[in-house]
1. Which of (1) crowded, with 22+ Cβ neighbours inside 10 Å; (2) within 17 Å of LEU408 (Cβ to Cβ) is the odd one out, the single condition THR518 does not satisfy?
2. Within 29 Å of LEU57 (Cβ to Cβ), modelled with pLDDT of 85 or more and among the hydrophobic types (A, V, I, L, M, F, W, C): does that describe ALA255?
3. Tell me, yes or no, whether region 286-303 has at least one residue that is crowded, with 22+ Cβ neighbours inside 10 Å, outside any helix (DSSP H, G or I) and among the polar types (S, T, N, Q).
4. Name the residues in region 328-358 that are β-branched (Val, Ile, Thr) and in contact with a Leu (Cβ under 7 Å, 6 or more places away or on another chain), would you?
5. Which one of these is in contact (Cβ under 8 Å) with a residue 12 or more places away in the chain, closer than 18 Å to ALA200 by Cβ, out of contact with any helix residue (DSSP H, G or I) (no Cβ under 7 Å at 6 or more places or on another chain) and of a type in the set (Val, Ile, Thr): VAL594, VAL618?
6. Considering each residue of region 632-667, count those that are out of contact with any Leu (no Cβ under 7 Å at 6 or more places or on another chain) and either crowded, with 19+ Cβ neighbours inside 10 Å or polar (S, T, N, Q) (or both), and give that number.
7. Output the number of residues of region 329-360 satisfying the condition of being in a helix (DSSP H, G or I) and touching a helix residue (DSSP H, G or I) at 6+ places or on another chain (Cβ under 6 Å).
8. Inspect all residues belonging to region 584-593 and state whether any of them is outside the structural domain of GLN682 (by TED's automatic domain parsing) and surrounded by fewer than 13 Cβ atoms within 10 Å (Cβ to Cβ).
Amino acid sequence: MDGEGANPLLGSIKIQPDNDDEKDTEDWHSISPEALFARLGSSPDGLSTADAAARLLEFGPNAITPPKTTHWFIKLLLNMVGGFQMMLWIGAILCFVVFGLSFSGHDGADFQTFSLAMVLIVVVMVTSIFQSIQEGKSDKVMAALKAMSPQHVYCYRDGELKQILTEDLIPGDVVKVEGGEKVPADVRVLESQDLKVNNASLTGENVDIKLGPEPKSEAMYEAKNIARSGCNFTNGKGSAVVFKTGDNTFFGEIAKATTGIARPETLMSREIHRLIKIMACVACTLGFTFFGLALYSNYTAIEATVFMIGIIVANVPEGLLPQMTVALTITAQRMLKLGVLVSNLEIIETLGAVTVICSDKTGTLTCNRMSVSHIVYNGKVFNTPITPVMDGDDFGRFEPENENFRPLLRIAALNTDAIFMDEPGDISRLSFNVLDRETKGDASESAIIKFVDGVRDLMQYREASVRHAAIPFNSTNKWMMAIQSQEGGDDSTPLVMLVKGAPERIVAMCDTAFLNGTNQPMTDELRQEMMRNNDFLACRGERVLAFAHMMLPRDKYPAGFVFDADAEEPDFPMPSNPPKLIPGMTLVGFMSLVDPPRTSVKPALRECETAGIRVFMVTGDHPLTAHAIAKSLSLVTKRTAKEIEEAGEQVPADYCGAIVVHGQEIETFNEDNWAHVLKHEQIVFARTMPQQKQEIVKQLNALDHIVAMTGDGVNDAPALKAANVGIAMGCGSAVAKEAAQVILLTDDFGAIVDGVREGRLIFENLKKCIAYVLSSNIPEILPFLLFIAMDIPLAIETICILLIDLGTDLAPAISLAYEEPESAIMQKPRESVLTTWSARQ
């Protein structure tokens, strides 16, 4: 709906742009609050009730418009006349014609032909009902989208805070929000008290983002003062002004992109239609040939017509449709045992033909949980049990009892607020079991306490150390501080100040570093060396935190001393912003965090490469992080042009090794740009938006690729539906699973390889089934030919042919469906689906 000039209360205020030119120049995040309210025709006190009612009529409810739906009965009728069913209907009609003509013959009515017609109708009805049931289970995208919308929200109306239905929100409303609530619409933050939002439902990245009045980014997609409809506030509270509602929100655009496109036709449907045309031509050719032979042999015109129709009906493989259904159903059951759920049987065959897999990173290639990847103490980098190993890594495993590691462990345990939500049970230290425990707190802190608890019991550690003061992390300071008593100490034992945060801030505070069990002066050379460790880990796409401590003697801070962090001049050496050198502050080390790759992914990627399937990473994450994870998985083994230039080498003009593409670049791509990017062997798409993922799929389809798209978030739904095969993770959002046709119940990327193997096997088996069915037409037609041409009595009746077709065709389908796939089936690229069947006929 156009928001300009339609409502007299709004005048010419432009609120919700609908065309692409306006969207490309949106500046909701960057304009001043005064200009924002002027554009929206609102104020910090919100809207009046009358104004809100008028605007609600103008813009409509804050809800996603459901697409037009087709009644289940209409879908059933369409399935009954689509594809192979139409050929069976034609065969049934011709049988009825022969039955009617038989009344004029001297042998009486041909009830065998009538029986054949009824059987064909039953086959059509059963298979159509089965297909309709499958479609009804998979077409629920809008229901899942609606379930993600909040029901009530607090907003200012007539200057008073009121609770209203979320559907009644309109642009210009000022809302009060807090942690635990869903974002009701697209809003710009006006005030924030440690307000955080998690955009995992849209971006797939399970990271809490600190929100505030300032954008801190030129791009609206990355602005830190914008919250998107459908996401979740996870912490704090604040106020915000609504600038987009309903279909115009970012969430609504995803919904339109997902539901507004039709699924691509499966390759099996395409080939069945092609097979029907071939068989129809063969049947008609044989039918007219027999018609001519009958007339030549002095049969009457009616008798010749009956012969012609009989030959055409004989060429209708009435057993082929149930045969394919049985084979696909058994294969789907086998795949379910492997953790692969298929909602559309025909998609199994398409899965075997995939040439490109576009895979999301978070939750698909990675575990979707932050974990401590590397630790730095005594000036050296060490691996942890979950470190993703890259080529050339030769770091040693850290030593839990090392005297240089213990201070780092203490800060990590005590200067964190995250807690476990479950009982530890029988958890062995330094095992992966601890990573599965449920936590409450920031994703980074949750990763840290899991690492700590893998070394020693976290709660025992905290119970042995009393906290006297704390300052939580915030985006301005970029550090967190806690003052604790030491484990096993008494009132005479010094307190210890523990600090963790951004390395550039923490290192700048320290005048010493803890090396070889002692505090050594922080020289410029040592400071640079420490920062090189930080830069090295950051370049791998890991988030690095620095850890420092400082002893507070009891003569200055005796028992009962009150630490007042809010005083204008704090009476203890509190870190400042910008950071200043604090005498006695000692740098202990670093920890880096990463979302680790799944252990089964690397072998699966190697098998995909062997099978001739290319895998591209398509993620909303930062390019450095995406590139680093791709390297750790050997998804990228070649250098990018930028890496070649940084090495001081000349980039060949036709270089097509590896490339990392930023989502903002995709916005400006033309056909030549796409051709240049897609010719590369290894591709990583980073910072991509949902519509861009969909565009990537379309461009690959334009190059005749059969594309499988994997994902687990709402942001993946448009691409999942646009791809030839949409594959969702079992842990993914309901929207992603409804938009996909294949669901990996075990969240194992390796299961895709199992699915491809089964798809290739069913392709080979269906070719055998079709060859079996079509080859049976020759002995069935031969008796009719001898009967007409040489007047030899019929050797087989129509009813016998019917029993053979329906009674014996299913046996080979069942036996082939239970056949185990050969290992060689994944050792080479699969031949083209579009040519094989017709070439074999």
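1. With respect to (1) crowded, with 22+ Cβ neighbours inside 10 Å; (2) within 17 Å of LEU408 (Cβ to Cβ), THR518 is out only on (1).
2. So ALA255 does not fit the description; no.
3. Within region 286-303, not a single residue is crowded, with 22+ Cβ neighbours inside 10 Å, outside any helix (DSSP H, G or I) and among the polar types (S, T, N, Q).
4. Matches in region 328-358: THR329, VAL340, ILE348, THR350, VAL356.
5. Result: VAL594 is the single residue among VAL594, VAL618 that is in contact (Cβ under 8 Å) with a residue 12 or more places away in the chain, closer than 18 Å to ALA200 by Cβ, out of contact with any helix residue (DSSP H, G or I) (no Cβ under 7 Å at 6 or more places or on another chain) and of a type in the set (Val, Ile, Thr).
6. Matching residues across region 632-667 total 12.
7. Residues flagged as in a helix (DSSP H, G or I) and touching a helix residue (DSSP H, G or I) at 6+ places or on another chain (Cβ under 6 Å) within region 329-360 amount to 7.
8. no
The values are calculated or read from the model by the stated rules, or taken from the named source; none is laboratory data. Computed from a predicted structure; not experimentally measured. Methodologically, a virtual Cβ is constructed for each residue, glycine included, from the backbone with ideal geometry; neighbour enumeration extends over all protein chains shown.
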